[in-house]
Every structure is written in C-alpha cells, then in structure tokens.
Amino acid sequence: MAQNTIKIAPSILAADFARLGEQVAEAEQAGADRIHVDVMDGHFVPNISLGAPIIKSLRQVTRLPLETHLMISDPDFFFDEFVEAGSDSFLVHWEGNNNLHRTVQRVKSLGKQVGVVINPATPASVLEEILSELDLVLVMTVNPGFGHQHFIHTTLPKIKRVRQMIEQRRPECELELDGGIDAATVRLGVEAGADVLVAGTSIFGGNESVDAAMKRLRAAINDAVNKVSSLASSNPEGIASSSPGLRETSYSGLEDRASLNPEGVPSRH
Ligand code: DX5
Ligand code: ZN
C-alpha cells in the first residue's frame with residue numbers, strides 16, 4: 001500500500017457556502033483527489049442540502065472529479081440533470097431502491113462511474129449480486145443526512161468484509177468510507193481497508209485553514225498506512241487489519257468518543 005494511494009474526498013456539506021469556490025480551490029491545491037457533493041431531499045434523509053446548480057457552479061472552479069452522493073428518493077429521475085451540470089460519478093443507496101440493478105445500468109449508460117452506498121445497519125451481503133457491476137462501494141460510517149456526527153465503530157467488521165469481497169470478486173472496485181472521518185478515525189478506516197475517505201467537518205468545519213486541515217488528515221493517513229505496512233511485513237501470514245493486537249489498539253483510546261454518541265445521532269444542529 002503506497003502512501004498516496006489512499007484518496008481524500010472533501011465533502012462540501014461542511015463548507016462555508018458563501019466562499020464555496022474558494023474553499024474547493026483550496027482543497028484542490030492541498031491535494032484533494034475528488035470533491036464529494038451530498039444531495040439530500042428531506043425525504044430519503046431528514047435533511048435538505050443542495051442540487052445540480054451547485055455542481056454546475058463547482059464545475060467552473062475545479063478540475064477535480066465531482067462525486068455526487070444521492071440521498072434522495074427515486075434517483076433515476078435526476079441523473080440527466082446532474083450529468084448536464086457536470087457530475088463525474090454517482091453514489092446511489094441500496095436502501096429504498098427496488099431496482100438497483102437498473103439504476104446502476106442507467107448510470108453506466110450515461111458514461112459515468114457508479115458506486116453503491118450501504119448504511120450502517122445494512123449488511124455487506126446485499127452487495128453480492130451487484131458488486132461485479134460497480135466502480136465503487138461506499139460504506140456509511142454514520143447514518144446519512146448530517147455532517148459532524150461520530151464515526152460508528154460497529155461498522156468496522158463490515159468494512160473488512162466488504163474489503164474481502166472486493167479482493168475476491170472485483171479488485172478494481174474502490175472502497176470508500178463516509179462520515180466522522182478525522183485525524184483520529186482515519187487509522188480505523190485505513191486498517192479496515194479503505195481506498196477513499198470522505199471528510200467534511202475535519203476539512204471545512206474547524207478553525208484552521210482548509211490547507212492546514214488537509215495536511216493534518218494526509219499526515220494521519222500516512223501514519224496509518226505506515227503502521228499497517230509494518231504490521232503486515234512482521235506478520236506476512238495474515239492481513240494486518242485482522243491482527244487481534246492491532247484490532248485491540250484500534251478500538252482503545254476512541255472508546256470515550258464512541259460512548260458520547262453510540263448511536264451516531266447528529267451531534268450538532
Ligand atoms: C452524511 C454525508 C457525509 C457528510 C460527512 O450524510 O453523506 O458526506 O458530509 O461529513 P463529516 O465528515 O462531517 O462526518
Ligand atoms: Zn456523503
């Protein structure tokens with residue numbers, strides 16, 4: 001695992017919308033790999049966010065791929081609008097979609113990349129029959145709908161299972177995590193096998209600059225990658241993330257944070 005192979009996808013949900021173009025440009029300069037755009041309709045999730053006009057504006061200010069996370073009912077009705085606005089890829093939820101295969105084929109027919117998202121309570125097994133069609137799997141590490149929630153630790157075994165499924169059936173598929181990712185939790189994600197980490201609050205929501213926040217996150221990722229690599233080389237028989245010793249270390253130290261908000265309910269607003 002080379003250090004820069006883990007990608008960072010800043011989520012603009014936590015950005016200052018009055019300075020959106022500026023903040024996205026700053027994230028791009030600081031080494032962001034793609035921009036994650038959360039679309040919410042107040043029905044699929046209990047929050048309303050933004051739509052295609054924002055994608056259209058962002059398309060003018062960044063060359064980065066615009067990844068569109070659709071937390072909406074009936075996503076099929078909206079693909080044309082988002083493609084026209086400039087979306088490069090779509091993340092569609094398994095939950096609430098009775099015709100997921102059709103939705104996935106529709107995105108592919110538009111020439112765009114497609115990923116399927118599963119919520120914290122949804123098992124990895126639902127991916128079995130669709131994985132071979134996908135460019136991406138996104139495992140939610142919070143319940144969708146809000147930024148600034150706590151990483152749900154009980155998703156970790158599932159993330160490792162998804163990693164194994166990808167290795168066995170579709171190695172080119174990326175594994176992305178979304179929710180509660182910061183300099184402390186990246187290590188858990190990296191150990192569990194993530195390729196892409198979405199981060200909103202930890203990049204746009206603090207007092208430091210976007211540049212400083214990106215650097216801090218990248219440094220934490222590099223540390224985690226180094227730890228996993230050295231463990232893997234001292235334990236060549238098994239994958240690093242399944243080492244009981246490492247697993248113990250992973251959970252300890254973050255328990256306080258988890259117990260503050262074990263359900264992963266919104267912690268702000
Ligand atoms: C939650 C969204 C996330 C959110 C992540 O429904 O899908 O992309 O912006 O925000 P943080 O990083 O603040 O948890
Ligand atoms: Zn998202």
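The values are calculated or read from the model by the stated rules, or taken from the named source; none is laboratory data. As the structure is a prediction and not an experimental result, all values here were calculated from the model. A quick note on method: Cβ atoms are made from the backbone with ideal geometry, for glycine too, and the neighbour counts reach across all protein chains shown. Just the protein is used for accessible areas: all its heavy atoms, side chains included, with ligands, DNA and RNA removed. Shrake-Rupley method; radii C 1.70, N 1.55, O 1.52, S 1.80 Å.
Within the range 35-63, the residues that satisfy the criterion of being within 19 Å of the chain's Cα centre (by Cα), in contact (Cβ under 8 Å) with a residue 40 or more places away in the chain and in a loop (DSSP other than H, G, I, E, B) are Phe44, Val45, Asn47. Residues in the range 182-192 that are in a loop (DSSP other than H, G, I, E, B) and surrounded by fewer than 22 Cβ atoms within 10 Å (Cβ to Cβ): Asp182, Ala183, Ala184.
Which is of a type outside the set (D, E, K, R) and within 20 Å of Asp195 (Cα to Cα), of Thr68, Thr103, Thr62? Among Thr68, Thr103, Thr62, only Thr68 is of a type outside the set (D, E, K, R) and within 20 Å of Asp195 (Cα to Cα). A single entry from Leu131, Leu127, Leu136 fulfils the requirement of being more than 16 Å from ligand 2 (Cβ to nearest atom), under 25 Å from Phe78 (Cβ atoms) and surrounded by fewer than 23 Cβ atoms within 10 Å (Cβ to Cβ): Leu131. Reported count of residues in the range 7-52, each being of a type in the set (S, T, N, Q) and open to solvent by less than 30 Å² (accessible area, probe 1.4 Å), is 2.
Beta carbons closer than 7 Å, at least 6 apart along the sequence or on distinct chains, pair a first residue in the range 174-185 that is aliphatic (A, V, I, L, M) with a second that is within 10 Å of ligand 1 (Cβ to nearest atom) and open to solvent by 20 Å² or more (accessible area, probe 1.4 Å) for Ile181/Ser202; Ala183/Ser202. Scanning the range 215-255 for residues that are open to solvent by 70 Å² or more (accessible area, probe 1.4 Å), part of a helix (DSSP H, G or I), over 22 Å from Phe204 (Cα atoms) and at pLDDT 50 or above gives Asn226, Lys227, Ser233, Ser234. Listed by first and then second residue, the pairs with beta-carbon distance under 6 Å, at least 6 apart or on different chains, first residue in the range 191-203 and within 20 Å of Gly145 (Cα to Cα) and away from ligand 2 (no atom under 13 Å from the Cβ), second open to solvent by 10 Å² or more (accessible area, probe 1.4 Å) and not in a strand (DSSP E or B), are Ser202/Asp182. When each of Pro157, Pro144 is tested for being of a type outside the set (D, E, K, R) and surrounded by fewer than 19 Cβ atoms within 10 Å (Cβ to Cβ), the lone residue that passes is Pro157. Residue count for the range 165-181, restricted to those that are surrounded by 21 or more Cβ atoms within 10 Å (Cβ to Cβ), assigned to a loop (DSSP other than H, G, I, E, B) and away from ligand 2 (no atom under 14 Å from the Cβ): 1. Each residue in the range 86-105 was checked for being more than 16 Å from ligand 1 (Cβ to nearest atom), open to solvent by 10 Å² or more (accessible area, probe 1.4 Å) and touching a helix residue (DSSP H, G or I) at 6+ places or on another chain (Cβ under 7 Å), and 2 pass. Scanning the range 106-121 for residues that are in contact (Cβ under 8 Å) with a residue 24 or more places away in the chain and in a helix (DSSP H, G or I), we see that the one that is least open to solvent (accessible area, probe 1.4 Å) is Val107.
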